Amino acid sequence: MAAMIRKVGVIGAGQMGNGIAHVAALAGLDVVLNDLSADRLKSAMATINGNLSRQVSKKIITEDAHQKALARIGQTDALDGLADCDLVIETAVEKEEVKRKIFHDLCAVLKPEAIIASNTSSISITRLAASTDRPEKFIGIHFMNPVPLMELVELIRGIATGDATFEAAKEFVTGLGKQIAVSEDFPAFIVNRILLPMINEAIYTLYEGVGNVEAIDVAMKLGAHHPMGPLELADFIGLDTCLSIMQVLHEGLADSKYRPCPLLVKYVEAGWLGRKSQRGFYDYRGEKPVPTR
Ligand SMILES: CC(=O)CC(=O)SCCNC(=O)CCNC(=O)[C@H](O)C(C)(C)COP(=O)(O)OP(=O)(O)OC[C@H]1O[C@@H](n2cnc3c(N)ncnc32)[C@H](O)[C@@H]1OP(=O)(O)O
Ligand SMILES: NC(=O)C1=CN([C@@H]2O[C@H](COP(=O)(O)OP(=O)(O)OC[C@H]3O[C@@H](n4cnc5c(N)ncnc54)[C@H](OP(=O)(O)O)[C@@H]3O)[C@@H](O)[C@H]2O)C=CC1
């Protein structure tokens, strides 16, 4: 584990923040999880506890490791609770103005030698770095969902990211037992540059009536051996996040092939964001997910 990274701050206690706190604590690091409300933090701790228990019942970790990891995670609803962290990873919503405001406020309280990272799915690391007081200590550390299960983390250097920051991030990620893929700082990096247009095309396939939700997901699961169908995966990622990534691709690469499907826009406008809001391409409110089209 990177000698200099002992305490990790995580901003945003959503599905990614929970996962990052979970794997960092299991790796023996002290973690401080931040979100806007105490209620959100309480439910995040319950989720992390449940996910650790799942790993105990699958014999992936011991009950002792579960309890020690939980005890390593502190919580704060104020950014100054992160002041003495060695690394702070931002995992708030995929909206550039929200992230820029967080970095501005964080820099005012965070110790100067600390590294700041964003888990953004798509937004320019160079641009986000420019909203901090330390672009040479800023980097993209992009985990995949669900964090405890997925092996890959993308590392993205902004134009100003220093070698020492890159090496410390690499050591941190490797210490979590993850593999690294290095991506240049272009919209949506590697995984989402390839994955999200596929998901968007699946939504066009639904929009144009080529197949219904079930047919599209079964086709890709059994016909292409994808572990989840593209619409099931979109719900899993979050439709708001999928739309934001497509918008960054569309604007950043100025190519109509990245146009977000109007049906995706409509679902987000309805507040049907997938699993996290209980409704998306499937309705999750009953015992089993039911297709909404
Ligand atoms: C958008 C971005 O910026 C980048 C991205 O992340 S893109 C998304 C990348 N991820 C993928 O493509 C995932 C594709 N799906 C898969 O690989 C597999 O379905 C999977 C690994 C997620 C699940 O594998 P599985 O063997 O079926 O797991 P299983 O034990 O049945 O668990 C499934 C469930 O637990 C989650 N899960 C399992 N163990 C977990 C753990 N320890 N912690 C957190 N979540 C866990 C699963 O997502 C799912 O949730 P529910 O039970 O609530 O429905
Ligand atoms: N979902 C995915 O598959 C992946 C997502 N990512 C990226 O990770 C980030 C988070 O995504 P995800 O976890 O799915 O999103 P979620 O919507 O699950 O969680 C985001 C969390 O951030 C909180 N939040 C919002 N604003 C602030 C703020 N100013 N300060 C602190 N917390 C805040 C939200 O609170 P509230 O709900 O109260 O607004 C929520 O708890 C995004 O940048 C996304 O692109 C990266 C890889 C995969």
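Every read-out reported here was derived from the displayed coordinates using simple, explicitly stated rules and does not represent laboratory data. Because the structure is a prediction, the values reported are computed rather than measured. Every residue, glycine among them, receives a Cβ derived from its backbone with ideal geometry; neighbour counts consider all protein chains shown.
Quick look at the values:
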{"read-out": "Qualifying position, being touching a residue at least 12 places away in the same chain (Cβ under 8 Å) and within 28 Å of GLU96 (Cβ to Cβ), among LEU239, LEU206", "value": "LEU239"}
{"read-out": "Filtered residue count, region 194-218, keeping only those that are surrounded by fewer than 18 Cβ atoms within 10 Å (Cβ to Cβ) and either among the charged types (D, E, K, R) or closer than 30 Å to ARG6 by Cβ (or both)", "value": "3"}
{"read-out": "Selection within region 1-31 - within 12 Å of ligand 2 (Cβ to nearest atom) and surrounded by fewer than 22 Cβ atoms within 10 Å (Cβ to Cβ)", "value": "GLY14, GLN15"}
{"read-out": "Some residue of region 220-242 being among the aromatic types (Phe, Trp, Tyr) and surrounded by 21 or more Cβ atoms within 10 Å (Cβ to Cβ)", "value": "no"}
{"read-out": "Residue ID - farthest from the chain's Cα centre (by Cα), chosen from residues in region 234-250 that are farther than 14 Å from TRP272 by Cα and not polar (S, T, N, Q)", "value": "HIS250"}
{"read-out": "Of residues in region 242-257 being without any contact (Cβ under 8 Å) to a residue 40 or more places away in the chain and of a type in the set (A, V, I, L, M), the one farthest from GLU214 (Cα to Cα)", "value": "ALA254"}
{"read-out": "Count of residues meeting criterion [surrounded by fewer than 16 Cβ atoms within 10 Å (Cβ to Cβ) and within 16 Å of ligand 2 (Cβ to nearest atom)] in region 50-71", "value": "1"}
{"read-out": "Subset of region 188-225 [over 21 Å from the mean Cα position of the chain (by Cα) and at positive phi]", "value": "GLY209, HIS225"}
{"read-out": "Within region 149-169, considering residues that are crowded, with 20+ Cβ neighbours inside 10 Å and part of a loop (DSSP other than H, G, I, E, B), the one farthest from ligand 1 (Cβ to nearest atom)", "value": "THR161"}
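Conditions (1) touching a residue at least 12 places away in the same chain (Cβ under 8 Å); (2) surrounded by 22 or more Cβ atoms within 10 Å (Cβ to Cβ); (3) of a type in the set (Ser, Thr, Tyr); (4) on the phi > 0 side of the Ramachandran plot, marked per residue:
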site: VAL98; (1), (2), (3), (4): no, no, no, no
site: LYS101; (1), (2), (3), (4): no, no, no, no
site: PRO112; (1), (2), (3), (4): yes, no, no, no
site: THR120; (1), (2), (3), (4): yes, yes, yes, no
site: ILE125; (1), (2), (3), (4): yes, yes, no, no
site: LEU128; (1), (2), (3), (4): yes, yes, no, no
site: PHE138; (1), (2), (3), (4): yes, yes, no, no
